[in-house]
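Q: Got a structure here, written out as structure tokens. Questions coming.
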Amino acid sequence: MEFSFEPIIDKRSKVLILGSLPGVRSLRENEYYANGQNSFWKIMFSVFVMPYSSDYRTKIGLLAENRIALWDVIKSAERTGSSDSSIRTAIPNDVPGLLKGYPAISSIIFNGGFAFRSYRNYFGKPHLPHTTLLSTSPACAGRDREKTDMWERAVRDALRGEL
């Protein structure tokens, strides 16, 4: 069994980004999106017009400073490798409970279609405004400019005037 991390969130968080389940490298390094080929952190630094840093504390600080929360739909599952398609016997995180506990969250961004479909299967249609974006994972490589533009637009729209 593989297990997700605790959420990165605080009472000021306005946007919740939901992935599926951390990959092998992330689990090994105990860091969200640790695979250097995953574009999540590069996109986040680009969205907030900050120079990229590989320091995990700096990455987490960037999210907190900009009212972004981060978690996964899946709490635990059996999986071979890092591919979402190999996830079996998944158990969800209590995302609805998290949202109740953090009422400032006003929108959800799903990091890929698998995260959205998993959420919908466990909890139904999200009650908050939401969008599903191209996954930042290496499995969705080759569309980097499109992916970055899509993420920048979605995060800025979700934060409406707070940047």
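Q: Please go through segment 96-130 and pick out each residue that is among the hydrophobic types (A, V, I, L, M, F, W, C), in a loop (DSSP other than H, G, I, E, B) and under 15 Å from the mean Cα position of the chain (by Cα).
A: Within segment 96-130, ILE105 is the sole residue that qualifies.
Q: Look through LEU70, LEU21 and report the one residue that is at pLDDT 95 or above and aliphatic (A, V, I, L, M). If you could, list the steps in order and put the result at the bottom.
A: Working: LEU21 fails: at pLDDT 95 or above.
Result of the check over LEU70, LEU21: LEU70.
Q: With the condition kept exactly as written, say whether any residue in segment 4-25 is under 18 Å from TRP151 (Cβ atoms) and without any contact (Cβ under 8 Å) to a residue 40 or more places away in the chain.
A: no
Q: Further question on the same structure: Got at least one residue in segment 39-57 being modelled with pLDDT under 90 and on the phi > 0 side of the Ramachandran plot?
A: For segment 39-57, residues modelled with pLDDT under 90 and on the phi > 0 side of the Ramachandran plot: absent.
Q: Turning to a different aspect of this structure: Yes or no: ILE109 among the aliphatic types (A, V, I, L, M), surrounded by 17 or more Cβ atoms within 10 Å (Cβ to Cβ), under 19 Å from SER26 (Cβ atoms) and at pLDDT below 90?
A: no
Q: For residues that are closer than 24 Å to ALA104 by Cβ and surrounded by 14 or more Cβ atoms within 10 Å (Cβ to Cβ), tally how many sit in segment 32-49.
A: Qualifying residue count for the region: 9.
Q: Keeping to segment 27-61, report how many residues are assigned to a helix (DSSP H, G or I), under 18 Å from ARG79 (Cβ atoms) and free of Cβ contacts under 8 Å to residues at least 24 places away in the same chain.
A: Adding up the residues that qualify gives 2.
Q: Being part of a strand (DSSP E or B) and exposed (fewer than 12 other Cβ atoms within 10 Å of the Cβ) is the filter; apply it to segment 78-95 and report the residue that is modelled with the highest pLDDT.
A: So the residue we want is THR89.
The values are calculated or read from the model by the stated rules, or taken from the named source; none is laboratory data. Please read these numbers as outputs of a predicted model, since none were measured by experiment. Cβ sites come from the backbone with ideal geometry, for glycine too, and all protein chains shown count toward neighbours.
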